[in-house]
Amino acid sequence: MSYRITWIEAQQSFEATREETVLEAARRAGVVLPSECEFGGCGTCRVNVRQGQVHYDEHPPALSQEEADAGDALLCQAHACSDLAISTERVLAAPEPARRRKARVLHKESLTDDVTRLVLTFADDTPWGFRPGQYLNVLPGDTGPRSFSIASALDAARVDGANAATSLELHIRKIDGGLFTQTRLSALRPGDTLDVEAPLGGFGYHEDDYRPIVMVATGTGIAPLRSMLAGMLASGDTPPIDLYWGGRTPSALYLHDELTQLAEQHEDFRYVPVLSRPDSAWQGARGYVQDVVLSDHPDLSEHALYLCGSPVMIEDARRAFIAQGASVRYVYVDSFTFQHVPVDVAA
């Protein structure tokens, strides 16, 4: 038995069976709905079910019971059990269609003991657009794709001598046992080639919100936020932004000097570094990054929040921020995901 799914904003409809998730059915029909992690951990595929009902094999972690009771659903886990009318409320402008291309390594350097900066250019020199906040897939061929957030700004003039329209910068954290991050990445040299697919993902700046912004990152979760910040601050018409970046030790904050300088240049941009395992010399904020945000912002009801980093941080922060007044409508998540094959991280 199949059910009719109607996406209100896009004026599109498709059929879904009880056995498949709504997201799977949409893809089968060629309907592109927002999605990211696809295990119910980030909330990117959240919709409001205006008519009909869904069920889950297991309740997804990024959906509270209160949100489900209010009609919200996560399409990557939801199965239709009737005809549905769903609303995404607001959809980011469609990005350039993803394409597979041959990328060439332009530059590689270590940012920390376990984070590598990799700059890729494209042999055909064809300009390639992306929305800051998106990611690309490296296609190693031996197993599945490896996903990494784009750290570069689309409108940067030059990146290590290459036109920014034809190059992309990645910040890649080494994962123990990762076939790409621990093995192939270390062997890459300038001039080597990789098969990649980009741009991908629905994470990015929702300009129409026009609310004070709180950005929260851990580790290489700073990469997509760095990409977004460049354009946001350059526009001259962005609400105040507070960026909280958490790490264990000072060496983990590999963009600290860059972000400090950026804060000095823009009076409406505040950068707050947070360490969970600081030494006695550290003069900044201490503890978990989400707890520092909660301490600084006792009422988050007027803010838009952008969260990027580990699933543990995302889940805890999202729950705590909503409890402190944040609206689900204005919480945007880019959550790193781990695979069950020899792993790499999505960021």
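The values are calculated or read from the model by the stated rules, or taken from the named source; none is laboratory data. Bear in mind that the values here come from a model prediction, so they are computed numbers and not experimental data. Counting neighbours? That spans all protein chains shown, and the Cβs are built from the backbone with ideal geometry, glycine included.
Observations on the model:
- Applying the criterion of at least 2 residues that are within 25 Å of V274 (Cβ to Cβ) and in the same structural domain as T126 (by TED's automatic domain parsing) to the strands (runs of 3 or more DSSP E) found wholly in segment 165-251 leaves 167-173.
- Verdict on A326 being outside the structural domain of C45 (by TED's automatic domain parsing), part of a loop (DSSP other than H, G, I, E, B), surrounded by 15 or more Cβ atoms within 10 Å (Cβ to Cβ) and free of Cβ contacts under 8 Å to residues at least 40 places away in the same chain: yes
- Check on E24, modelled with pLDDT of 95 or more, closer than 22 Å to L200 by Cβ and either in contact with a strand residue (DSSP E or B) (Cβ under 7 Å, 6 or more places away or on another chain) or not in a strand (DSSP E or B) (or both): yes
- Residues that are surrounded by fewer than 19 Cβ atoms within 10 Å (Cβ to Cβ) and of a type in the set (A, V, I, L, M, F, W, C), drawn from segment 233-254: L233, A234
- Output for segment 264-313, where each listed residue is of a type in the set (A, V, I, L, M), part of a helix (DSSP H, G or I) and closer than 18 Å to A223 by Cβ: V289, M313
- Being touching a strand residue (DSSP E or B) at 6+ places or on another chain (Cβ under 9 Å) and surrounded by fewer than 14 Cβ atoms within 10 Å (Cβ to Cβ) is a condition met by no residue of segment 36-44.
- Matching option when the condition is over 24 Å from E169 (Cα atoms) and in contact (Cβ under 8 Å) with a residue 12 or more places away in the chain, among R319, R226: R319
- Members of segment 55-88 found to be part of a strand (DSSP E or B) and surrounded by fewer than 23 Cβ atoms within 10 Å (Cβ to Cβ), listed by number: H55, Y56, D72, H79, A85, S87
- Conditions (1) surrounded by fewer than 20 Cβ atoms within 10 Å (Cβ to Cβ); (2) more than 21 Å from E36 (Cβ to Cβ): number failed by V312: (2)
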